[in-house]
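The values are calculated or read from the model by the stated rules, or taken from the named source; none is laboratory data. These numbers come from a predicted model, not from an experiment. Counting neighbours? That spans all protein chains shown, and the Cβs are built from the backbone with ideal geometry, glycine included.
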Amino acid sequence: MLFEDEESKTESAMLIMSKSIATLTTYPTYHSHRNKSNYAKSPNCFILFRQSWSTFLLPSNMDLSCGSSVGVSATLSETTHNNVTVDKNAKICKFCEMGDLRNAMKLLSRSQRSELELNTYCSVLQLCAELKSLEDGKRVHSIISSNGMAIDEVLGAKLVFMYVNCGDLVKGRRIFDGILNDKIFLWNLLMSEYAKIGNYRESVGLFEKMQELGIRGDSYTFTCVLKGFAASAKVRECKRVHGYVLKLGFGSYNAVVNSLIAAYFKCGEVESARILFDELSDRDVVSWNSMISGCTMNGFSRNGLEFFIQMLNLGVDVDSATLVNVLVACANVGNLTLGRALHAYGVKAGFSGGVMFNNTLLDMYSKCGNLNGANEVFVKMGETTIVSWTSIIAAHVREGLHYEAIGLFDEMQSKGLRPDIYAVTSVVHACACSNSLDKGREVHNHIKKNNMGSNLPVSNALMNMYAKCGSMEEANLIFSQLPVKNIVSWNTMIGGYSQNSLPNEALQLFLDMQKQLKPDDVTMACVLPACAGLAALEKGREIHGHILRKGYFSDLHVACALVDMYVKCGLLVLAQQLFDMIPKKDMILWTVMIAGYGMHGFGKEAISTFEKMRVAGIEPEESSFTSILYACTHSGLLKEGWKLFDSMKSECNIEPKLEHYACMVDLLIRSGNLSRAYKFIETMPIKPDAAIWGALLSGCRIHHDVELAEKVAEHIFELEPENTRYYVLLANVYAEAEKWEEVKKIQRRISKGGLKNDQGCSWIEVQGKFNIFFAGDTSHPQAKMIDSLLRKLTMKMNRGGYSNKIKYALINADDRLKEVLLCAHKELFKKTMIESSSSSEKGKNVTEEKNKAKKEI
């Protein structure tokens, strides 16, 4: 059960912790009894253990009578040899006891085969293992082999222990397989080492081999094998081991039960873990830590905090692992107050020197939105690791300080730390958010040099970075080279194409994805903007049906994208119905609906929706004001527009951006206030761009103001001297005023500068396929048929009194070509021609469609 009052829970925890802090005691520091350096500095220490030669040569009971001189001589010779052998073995063993491996190895190397005993080899191997001296251990193994010493169970066990402890697990396993004894500590040792390096398959394999040989494991055996099964999330095997544990009578062992609890949590079996914990009578700190950690990792952080409170109430001692687990839970639920209390407790308890504690503390402050706290922890850390740097970089990214995050990444590298996949993923995200394409490419090169590209999350982050920076070619290159793609990979690319105004590519990729993976709610939110961009209503309806079948409409992002799609496809009524069905609306959804009304010229409805949004308690942001001002512009609501523009500062404390000023300029132009618009632009606190001046130039053409157009054009050509669109626009102003000399000057200027006119384009969906047409483009398979139809239609339009203004066209071509290039694309006729060429069986339908088209014209 969770605490009903979160604040009371936090206060309770802090009260208990404050009492604990007051009773903290200083724990003694333990040191090793064996100090290698002390022995190494005593060159005469061996004298203390050395017997005099007279003791060996002249024993007290020796008979020195002359009659037995020969017998005495033989006895003395044999005794001397035995004593020398004993003395060498004793010396080596004594060196080993003192930790003097160097002298032990010297004496071992100089000794004859017959002089060395089994116990001597074992002593030296033990010391090699303790000091992790693999080179000396190998020398001992070589001496054993050259002396022809049989590697029995005892010596083999020592060799296995030495190799494994020194880090050569492969060699240790090879010797182990050669002796195959029933010493359980060796089996446990190898299982544990395999588990440490993440090779759980071998660890579990050893356990299964033990069972085949009938070797009974102990409590440590089960703790090892449970780690292996838990890592691979094999619930059935964990339950089998659980039964085996109960059968052998280890069910009351805390270490085994704690391992079972941890294993069940890692397999997602939260209820099984809880039952075990409840049945455990003698719970230690590890038991409580397992429950706190397990609840946190399975998304029950508040329950984890509850167990922590219970732990404190029962007076169970808290260790550093407890604080780390509880700090993770605090980070997940955003409980900064308890996190700070834990910080204070950790400092007073002496845990603040631990790297893991500091890293977790830093992460807690970061996720709770306290960047200052995270920075303070980072600065005060005595030892920083790659985890520390990654956490502080991620903290800056979360706060939107992307350039600072990139700077920290560079500083980390300058200190000689090699970034891992988590660090590069964080900085790639920072590059994506800050539109830092060059830095992103630099990080990408680092990833390729260090062979990190095979990591799927890193590749997905790179694709997202290139997509957000507008380089879909580079994003697609990474995508095409991925051997395995997950749902995130596909969604990233589909969303990237949609965001970069490449809806055809987005829809095609969506179709390709469905052949391999099932789309999820994120896919829907990514592909719907592509349908909106193409006004592909049929495809949008198809996706809408999929959303309803899968229950994705409850996702606010999906619902918002669906409303936006219907708005842009012209079905405003349906968009409004869906909008009304959504119980909890956020600012983005309100903005979409306001923009939809504005787009279709319903300015008053847009203002009404804007006011409803504010009544609902949602304060508008910059994008909201952009949408409502745009709506006022397209509906000619000058008075209302100015009122809303003024309220940005006075009521909402929002400083207008360039797009807001652009809306106001457009509003003045549409109402015919060109002079006022010009003065407004000149007094703007933000430097106007070419788009704002271009809007005024377009207004000058509409209202035939040649003088103002010339003044405006000067500003534009300073900002964008190579943009042909504005030259054409000014030429049209002159042409409509019949200033043909000025038109020719602009034409010469375009030709002399090598400028090209931007081609217009249009598209149409036919039988699920989108056909794109550019002015003057003849690459379409049915281009000749389409051109033939357009010629006939143009002739009929001319007979009906319609005439293109080809005299204004700034194109060096004959009148016929100008007419073709300036002719608007009539989607209905293109559709008719494409359909007619697709199947001869549809001739009758095509004829009817043509007749229908003629009537519409």
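Numbers for the structure displayed
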| read-out | value |
| --- | --- |
| Filtered residue count, the stretch 121-155, keeping only those that are among the aliphatic types (A, V, I, L, M) and either more than 20 Å from F176 (Cβ to Cβ) or not assigned by TED's automatic domain parsing to the domain that holds L107 (or both) | 3 |
| Selection count where residues are within 14 Å of L125 (Cα to Cα), assigned to a loop (DSSP other than H, G, I, E, B) and at pLDDT below 90, scope the stretch 150-166 | 1 |
| Which numbered condition L408 misses (of (1) without any contact (Cβ under 8 Å) to a residue 24 or more places away in the chain; (2) crowded, with 20+ Cβ neighbours inside 10 Å; (3) within 22 Å of V328 (Cβ to Cβ)) | (3) |
| One residue from G533, G598 being under 30 Å from L637 (Cβ atoms), in contact with a Phe, Trp or Tyr (Cβ under 6 Å, 6 or more places away or on another chain), free of Cβ contacts under 8 Å to residues at least 40 places away in the same chain and not charged (D, E, K, R) | G598 |
| Sole residue being farther than 26 Å from I215 by Cβ, surrounded by fewer than 20 Cβ atoms within 10 Å (Cβ to Cβ) and not assigned by TED's automatic domain parsing to the domain that holds Q211, chosen from K88, K171 | K88 |
| A559 being farther than 15 Å from A631 by Cβ, of a type in the set (A, V, I, L, M) and free of Cβ contacts under 8 Å to residues at least 60 places away in the same chain | yes |
| Residue in the stretch 511-523 that is acidic (D, E) and either in contact (Cβ under 8 Å) with a residue 60 or more places away in the chain or crowded, with 22+ Cβ neighbours inside 10 Å (or both) present | no |
| Hits in the stretch 174-186 - residues which are assigned to a helix (DSSP H, G or I) and either of a type outside the set (A, V, I, L, M, F, W, C) or surrounded by fewer than 17 Cβ atoms within 10 Å (Cβ to Cβ) (or both) | R174, D177, G178, I184, F185 |
| Close pairs from the stretch 632-657: first charged (D, E, K, R), partner part of a helix (DSSP H, G or I) and buried (at least 21 other Cβ atoms within 10 Å of the Cβ), Cβ under 7 Å, at least 6 apart | E640/I607; E640/C632 |
| In the stretch 203-218, residue surrounded by the most Cβ atoms within 10 Å (Cβ to Cβ) [restricted to those that are in a helix (DSSP H, G or I) and free of Cβ contacts under 8 Å to residues at least 24 places away in the same chain] | F207 |
| Cβ-Cβ under 7 Å pairs, at least 6 apart or on other chains, the stretch 112-129 side closer than 12 Å to K88 by Cβ, far side surrounded by 15 or more Cβ atoms within 10 Å (Cβ to Cβ) and of a type in the set (S, T, Y) | E115/T85 |
| Residue in the stretch 155-167 that is touching a His at 6+ places or on another chain (Cβ under 7 Å) and crowded, with 16+ Cβ neighbours inside 10 Å present | yes |
| Flag for M648 being at pLDDT below 95, closer than 16 Å to D564 by Cα and within 39 Å of the chain's Cα centre (by Cα) | no |
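Table: residues versus (1) over 18 Å from H402 (Cβ atoms); (2) in contact with a helix residue (DSSP H, G or I) (Cβ under 9 Å, 6 or more places away or on another chain); (3) of a type in the set (F, W, Y); (4) at pLDDT 95 or above.
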| residue | (1), (2), (3), (4) |
| --- | --- |
| N445 | yes, no, no, no |
| K448 | yes, no, no, no |
| S454 | yes, no, no, no |
| M465 | no, yes, no, yes |
| W490 | yes, yes, yes, yes |
| M493 | yes, yes, no, yes |
